[in-house]
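The values are calculated or read from the model by the stated rules, or taken from the named source; none is laboratory data. Just so it is clear, the model here is predicted, and its values are computed rather than measured. Using ideal geometry, Cβ is built from the backbone for each residue, glycine included, and neighbour counts are taken over all protein chains shown.
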């Protein structure tokens, strides 16, 4: 798992040529809405994409794969483009959603995001995008691999994913700015990320390693807007190591999860820009800091000065460096999303490691074989149509 996090700067560097290649390949048919579908981590990525598309005035909806494949009404008044996300390219419900979409909208475009060129999704998509997280030859299991996970092919390593999520997010960001005819801003964002991302990964690791989460059995990830998807991703990663992770919107937290917050709770607040932080401060000052006293982490974007949060200096505060300059709220949120993904990855790694878990196995290696067998049965071998 650690190796996959540390691979990200090299993946980020290599993907530039792929963007240039797709600039001429993406030619969408007439559409008036973007639909995005995925399961697990890919569903979190679909939530990110829908939020971003809507903010740049491209109507979009994120679906769970079950929702799209089984329960959605396909209106003839809509001309959607579908973005189907599956790292392995083999997720049954996602493939069913693609099939259902093709049936109802045979002339509309399907974009497939996958890491696996051997997969059904890659074959079925009109526009095939390989996210480039893993060498293709590593995505097929052979007789030397663990027999229990032999059928779980399509992933380079059958571990809680980090680099594949990162690469899905950067490709979805590229698609959003491409369809908005704004690649100049995207490349400005990309070039800035590329400058020093390796050092950011190292600095994030050092900070997370020295700021352990005390209550992994009750951790709440709280965020709004685009970052709501990152909060959900954090909770999903917690589940993969047997912890109970919760996620909630900032405002909804005040109405719901707040009442389960006690002194033995860890809360991670994401605040990429100041409009998020003004509401977080109200919540902190209401009772959390002085009366309930949970463990609080503030992951802040690059727009803050120390005076903005000096009254919380005794909390765990981590901030994106203030080096990227652009007067565009949406782009700033996207920029901070890429940076704040990394401490979430390290939180997962170090929390599991300090609990004595094997970070290179699902559930930290705890009863993993029977759970993988169950996962194969309930996910990969599912046959409902």
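So which of 88, 69 is closer than 19 Å to residue 383 by Cα and either free of Cβ contacts under 8 Å to residues at least 60 places away in the same chain or part of a helix (DSSP H, G or I) (or both)?
On the way: 88 fails: either free of Cβ contacts under 8 Å to residues at least 60 places away in the same chain or part of a helix (DSSP H, G or I) (or both).
The conditions single out 69.
So which of 69, 107, 88, 59 ends up being modelled with pLDDT under 95 and surrounded by fewer than 20 Cβ atoms within 10 Å (Cβ to Cβ)?
Details: 69 fails: surrounded by fewer than 20 Cβ atoms within 10 Å (Cβ to Cβ); 88 fails: surrounded by fewer than 20 Cβ atoms within 10 Å (Cβ to Cβ); 59 fails: modelled with pLDDT under 95.
Answer to the selection: 107.
Pick out the one residue from 176, 231 that is farther than 21 Å from residue 56 by Cβ, at pLDDT 95 or above and assigned to a helix (DSSP H, G or I).
Numbers: 176 fails: farther than 21 Å from residue 56 by Cβ.
The unique qualifying residue is 231.
Considering each of 224, 212, 229, 204 in turn, give the residue that is over 21 Å from the mean Cα position of the chain (by Cα) and either farther than 17 Å from residue 332 by Cβ or crowded, with 19+ Cβ neighbours inside 10 Å (or both). Break it down stepwise before answering.
Values: 224 fails: over 21 Å from the mean Cα position of the chain (by Cα); 229 fails: over 21 Å from the mean Cα position of the chain (by Cα); 204 fails: over 21 Å from the mean Cα position of the chain (by Cα).
Sole residue among the options that is over 21 Å from the mean Cα position of the chain (by Cα) and either farther than 17 Å from residue 332 by Cβ or crowded, with 19+ Cβ neighbours inside 10 Å (or both): 212.
For segment 250-266, how many residues are closer than 23 Å to residue 46 by Cα and in contact with a helix residue (DSSP H, G or I) (Cβ under 6 Å, 6 or more places away or on another chain)?
Residues meeting the conditions: 1.
With the requirement that a residue be free of Cβ contacts under 8 Å to residues at least 24 places away in the same chain and either under 18 Å from the mean Cα position of the chain (by Cα) or over 20 Å from residue 200 (Cβ atoms) (or both), what does segment 321-362 give you? Walk me through it before giving the result.
Taking segment 321-362 and keeping what is free of Cβ contacts under 8 Å to residues at least 24 places away in the same chain, we get 322, 325, 327, 353, 356, 358.
Across segment 321-362, the qualifying residues are 327, 353, 356, 358.
May I ask you to verify whether residue 324 is in contact with a helix residue (DSSP H, G or I) (Cβ under 7 Å, 6 or more places away or on another chain), assigned to a loop (DSSP other than H, G, I, E, B) and at pLDDT 85 or above?
Details: in contact with a helix residue (DSSP H, G or I) (Cβ under 7 Å, 6 or more places away or on another chain): yes; assigned to a loop (DSSP other than H, G, I, E, B): yes; at pLDDT 85 or above: no.
Answer is no for this residue.
Has segment 268-283 got at least one residue that is closer than 24 Å to residue 217 by Cα, surrounded by fewer than 18 Cβ atoms within 10 Å (Cβ to Cβ) and modelled with pLDDT of 90 or more?
Just the residues of segment 268-283 that are closer than 24 Å to residue 217 by Cα, to begin with: 268-271, 280, 283.
In the following step, the residues that additionally are surrounded by fewer than 18 Cβ atoms within 10 Å (Cβ to Cβ) were identified as none.
No, every residue in segment 268-283 fails to be closer than 24 Å to residue 217 by Cα, surrounded by fewer than 18 Cβ atoms within 10 Å (Cβ to Cβ) and modelled with pLDDT of 90 or more.
Report, ordered by the first and then the second residue, all pairs with beta carbons closer than 7 Å, sequence separation of six or more or different chains, a first member in segment 276-289 that is more than 22 Å from residue 329 (Cβ to Cβ) and in the same structural domain as residue 302 (by TED's automatic domain parsing), and a second member that is part of a helix (DSSP H, G or I) and modelled with pLDDT under 95.
From residues that are more than 22 Å from residue 329 (Cβ to Cβ) and in the same structural domain as residue 302 (by TED's automatic domain parsing), the pairs are 284/312.
Could you figure out which of (1) at pLDDT below 90; (2) surrounded by fewer than 20 Cβ atoms within 10 Å (Cβ to Cβ); (3) closer than 23 Å to residue 90 by Cβ isn't true of residue 239?
Here residue 239 meets the rest and fails (1).
Suppose we filter segment 341-385 for residues that are more than 27 Å from residue 220 (Cβ to Cβ), surrounded by fewer than 18 Cβ atoms within 10 Å (Cβ to Cβ) and in contact with a helix residue (DSSP H, G or I) (Cβ under 6 Å, 6 or more places away or on another chain); how many remain?
Selection size over segment 341-385: 2.
Being touching a helix residue (DSSP H, G or I) at 6+ places or on another chain (Cβ under 6 Å) and not in a strand (DSSP E or B) is the filter here; which residues of segment 283-301 pass it?
Answer for segment 283-301, where residues must be touching a helix residue (DSSP H, G or I) at 6+ places or on another chain (Cβ under 6 Å) and not in a strand (DSSP E or B): 283, 301.
Each row is one residue, and each column tells you yes or no for (1) out of contact with any helix residue (DSSP H, G or I) (no Cβ under 9 Å at 6 or more places or on another chain); (2) within 16 Å of residue 33 (Cβ to Cβ); (3) part of a loop (DSSP other than H, G, I, E, B); (4) free of Cβ contacts under 8 Å to residues at least 40 places away in the same chain.
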| site | (1), (2), (3), (4) |
| --- | --- |
| 73 | yes, yes, yes, yes |
| 77 | yes, yes, yes, yes |
| 96 | no, no, no, no |
| 103 | yes, no, no, yes |
| 107 | yes, yes, yes, no |
| 111 | no, yes, no, no |
| 116 | no, no, yes, yes |
| 128 | no, no, no, yes |
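It is to be established whether one or more residues within segment 31-54 are surrounded by fewer than 23 Cβ atoms within 10 Å (Cβ to Cβ), in contact (Cβ under 8 Å) with a residue 24 or more places away in the chain, out of contact with any strand residue (DSSP E or B) (no Cβ under 9 Å at 6 or more places or on another chain) and farther than 27 Å from residue 234 by Cβ.
Within segment 31-54, none of the residues are surrounded by fewer than 23 Cβ atoms within 10 Å (Cβ to Cβ), in contact (Cβ under 8 Å) with a residue 24 or more places away in the chain, out of contact with any strand residue (DSSP E or B) (no Cβ under 9 Å at 6 or more places or on another chain) and farther than 27 Å from residue 234 by Cβ.
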